[in-house]
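Structure record follows, encoded as structure tokens.
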Amino acid sequence: MSESNAWQHLVNLKPSLPRHAEFQQRQYQGETWHLLHDKASGKFHRFNGLAYRLIGFMNGHNNLAQILASASQSRLQQTLDETPTREDLIQLIQYLYVADLLVCDIPARSSDIFERQQKKRQQHKLQFIRSPYAWKIPLFNPDSLLTRLQPLGKILTSPAMGIIWLTCVTYGLLLAMRNWPQLSSSQFNELFSGSNLILLWLTYPALKVFHELGHGLFTKAWGGRVHEFGVVFIVGTPFPYVDATAATGFNSKKQRMMVGAAGMAVELFFAAVAMILWVDAEPGIYKNVLFNIILIGSVSTLFFNGNPLMRFDGYHILCDALDQPNLATRAQLQLSYLVKRFAYGVDLSLSPTKTTGEAIGLTSYALAAIVYRLSVLLTIVTVVVSRAPLPGLLLGIWLLLFQLLLPLAKNLTYLFFNKELQHSRKRAIAISFTALFTVATFVLFVPLPDTTRAEGVLWLPENARVRAPVSGLVTQQVVADGQHITAGQSLLQLTNLDITAELLQKQATLREYQARYQQAWSLDRAQIQMFEEDIKAITAEIEFLQERVNNLIVRSPASGRFRVLTNHQLPGSFVKEGDTLGLLLNGQAPVIRVALDQETVNHVRRDTRSIKVQFASELGRSLKGELDREVPGGTFELPSPILGAAGGGSFAVQGKENNTRTLERVFILDIAFPQTQGETFFGQRVFVSFIHQPRPLGARLYARLQQLLVRLARGDRLISQ
């Protein structure tokens, strides 16, 4: 419907705003705006001076012509550019109607005028289909609960609490820096183990409850109201949320920014307390939970909640800091304007910015947000595919459909049918298909760096390991840590009362049977053969038990310098049979033992230009590696449990009891690397990168798809057990 027709249908409307609408004035980058607070829904709407002047004459008695005339004659008018037009008023009426802020009777014939705006109301219904990785479900109104907790909110927003928070977080950071080798070498090895993934899945939402409680308490402490608490499901994991938009109405920018940062502050505080407790915690579930809190409350909350490229806390803080409300929306409008104006030649396009600096900033933000969002989605798909191929394939199909094909279809519809391009359609189509051809050429023909990433373990020869031959309590450490020893020398003394008592019992039983055997010669010779068999069996058991008792003295399997592992305090500790108690450093260089699946090892064999390795304890340093040897043939046995799914690796294993036995054949490579100074954590996880000849992205995606289909055909399931 044209503007003149729309005006004829709407001119007799006598609109007004509902009573629950309240205005307040706000300065954004030196410009005056008017913030409308809809107290019924808790939402906020921003209007410029022109729209505010038009709204000021909407009293339920003036029709649109009277409103336009009054606003045009208003003494607030200063320049010709500020003179309102019919189009301005019609757009304002449409906006107020969609926002449920218009009180008047809409003529039946005018319904098509609002058709475009009404579609916005229905967009959220498609959210479950378009974004299956993020489903939002409101649950209840938490305002009454937060009212009862308001005294706690006053404490949290006090300067004294700020000092306590800063002290605790600083101390926790210092502890983390001091204990980083232990954190990285031991805890990170177990991060993605099957048992810890369950703890992580439970800990994450629980910690986020306190995160959202922080937002709610800070909002309530400064007079805001919180009307909604709910759950958003992200990749199947429930995350709580609160609607703290009431903070938008705070006049103080500092308060608005603190509400945005409150959730992250709460998580950082929990992470600092967990770090303090983790230092003295014994290994087990309790220590793993503390580590999960440290990881979630620090790394996760800063990289995700604090990232301004995602519409989480960091985004809202940035909007307030820059005085740029609706930053993401305005950035998308700016990017759309640039494409329409300079690529398609649409002269009627209007920029949402007023300065060159603002235009550059919004454009940069829009491009960065698009790249980051696609990177996150691709990372999620890659992780899911590595763990569960079929769900990962379905998620990849969704990504292709809704993030690529659907936007492409909408853009094609715009190119061929939108009236906005009626004078420059050929130019727009030519430029669009040229851009599409350029992207396709880049994907299919331009070589990009190609790297295969795998995990390994820092490996020593078996004779360089001192293992406990039997279970027992360590009563004495015969040699000192770092002392040079010879093969067969005593290292540790163990005590196992069960084995000793069983040996004494069997020896007593042997004496009894020997006495009965002697009696049988004179009383019942028919039982002699039976007693001989029994004595032979008991003697074999005694020999076995005697050997285990002798093994209570742990001896060196080779010569070298004895080093006690840092995770054992030997005297007074109980060790299990097979535990590695120490190492023998005898000049044999350690290697990195890597496990690869069939598809990956073929690519590594065909084309490997160089190798880089990173130790879990020193993620910031990369070393050059060289292929030392390949263990002949494949195997179903991993070098270490940490490479299996139960230990945080990528290979599915048969279970916790058999955590090195894989469900698929693996191939073992040994990687040599230059020796470094300092303490080395043997048995730690190592990240290995095989650098290949650059390949186009399309070829790599095609090869990855082939591997995925082969795994699906074999029925592989790489889900943690």
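The values are calculated or read from the model by the stated rules, or taken from the named source; none is laboratory data. As the structure is a computational prediction, the values presented were derived from the model and not from experiment. Glycine also receives a Cβ, built like all others from the backbone with ideal geometry; neighbour counts cover every protein chain displayed.
Of everything listed in (1) within 27 Å of the chain's Cα centre (by Cα); (2) of a type in the set (D, E); (3) under 30 Å from P308 (Cβ atoms), the single unmet condition for E455 is (3).
If you take the residues in the range 398-422 that are farther than 30 Å from T382 by Cα and in contact (Cβ under 8 Å) with a residue 40 or more places away in the chain, which one is surrounded by the fewest Cβ atoms within 10 Å (Cβ to Cβ)? By that ranking, first place goes to E420.
Let's see how each residue does on (1) among the aliphatic types (A, V, I, L, M); (2) loosely packed, with under 15 Cβ neighbours inside 10 Å; (3) closer than 19 Å to V466 by Cα:
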| site | (1), (2), (3) |
| --- | --- |
| F574 | no, yes, yes |
| L584 | yes, no, yes |
| D607 | no, yes, no |
| K624 | no, yes, no |
| R629 | no, yes, no |
| A652 | yes, no, no |
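Residue-level analysis places I535 among those that are crowded, with 16+ Cβ neighbours inside 10 Å and touching a helix residue (DSSP H, G or I) at 6+ places or on another chain (Cβ under 6 Å).
If you go through the range 272-309 and keep only what is closer than 17 Å to C168 by Cβ and acidic (D, E), you end up with just D280. When we screen L268, L338 for residues that are closer than 19 Å to G216 by Cβ, part of a helix (DSSP H, G or I), touching a residue at least 24 places away in the same chain (Cβ under 8 Å) and aliphatic (A, V, I, L, M), the only hit is L268. Scan the range 25-42 residue by residue and report those that are farther than 19 Å from A321 by Cα and either among the charged types (D, E, K, R) or more than 37 Å from the chain's Cα centre (by Cα) (or both). Listed by number, the residues that qualify are D38, K39.
Being under 30 Å from S650 (Cα atoms), loosely packed, with under 15 Cβ neighbours inside 10 Å and not assigned by TED's automatic domain parsing to the domain that holds V688 is a property that holds for R453. When the residues of the range 231-244 are filtered to those that are of a type in the set (V, I, T) and either modelled with pLDDT under 85 or in the same structural domain as V376 (by TED's automatic domain parsing) (or both), which remaining residue is nearest to Q27 (Cα to Cα)? In this case the residue turns out to be V232.
Being assigned by TED's automatic domain parsing to the domain that holds Y286, at pLDDT below 85, aromatic (F, W, Y) and closer than 16 Å to S300 by Cβ is a property that W201 has.
Of V443, V457, V479, V439, all but one fail to be among the β-branched types (V, I, T) and touching a Ser or Thr at 6+ places or on another chain (Cβ under 6 Å); the exception is V457.
Taking the condition more than 24 Å from I163 (Cβ to Cβ), touching a strand residue (DSSP E or B) at 6+ places or on another chain (Cβ under 7 Å), part of a helix (DSSP H, G or I) and not assigned by TED's automatic domain parsing to the domain that holds S41, does K208 pass?
Values: more than 24 Å from I163 (Cβ to Cβ): yes; touching a strand residue (DSSP E or B) at 6+ places or on another chain (Cβ under 7 Å): yes; part of a helix (DSSP H, G or I): yes; not assigned by TED's automatic domain parsing to the domain that holds S41: yes.
So K208 fits the description; yes.
The lone criterion from (1) outside any loop (DSSP other than H, G, I, E, B); (2) more than 30 Å from A508 (Cα to Cα) left unmet by G649 is number (1).
For every residue, the table says whether it meets (1) more than 28 Å from N288 (Cβ to Cβ); (2) modelled with pLDDT under 90; (3) touching a helix residue (DSSP H, G or I) at 6+ places or on another chain (Cβ under 6 Å).
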residue	(1), (2), (3)
L581	no, yes, no
A589	yes, yes, no
V594	no, no, no
R621	no, yes, no
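Look at the range 597-626: where a residue is touching a residue at least 40 places away in the same chain (Cβ under 8 Å) and under 20 Å from R178 (Cα atoms) and a partner is in a loop (DSSP other than H, G, I, E, B) and among the acidic types (D, E), sitting 6+ places away or on another chain with Cβ atoms under 9 Å, you get S617/E679.
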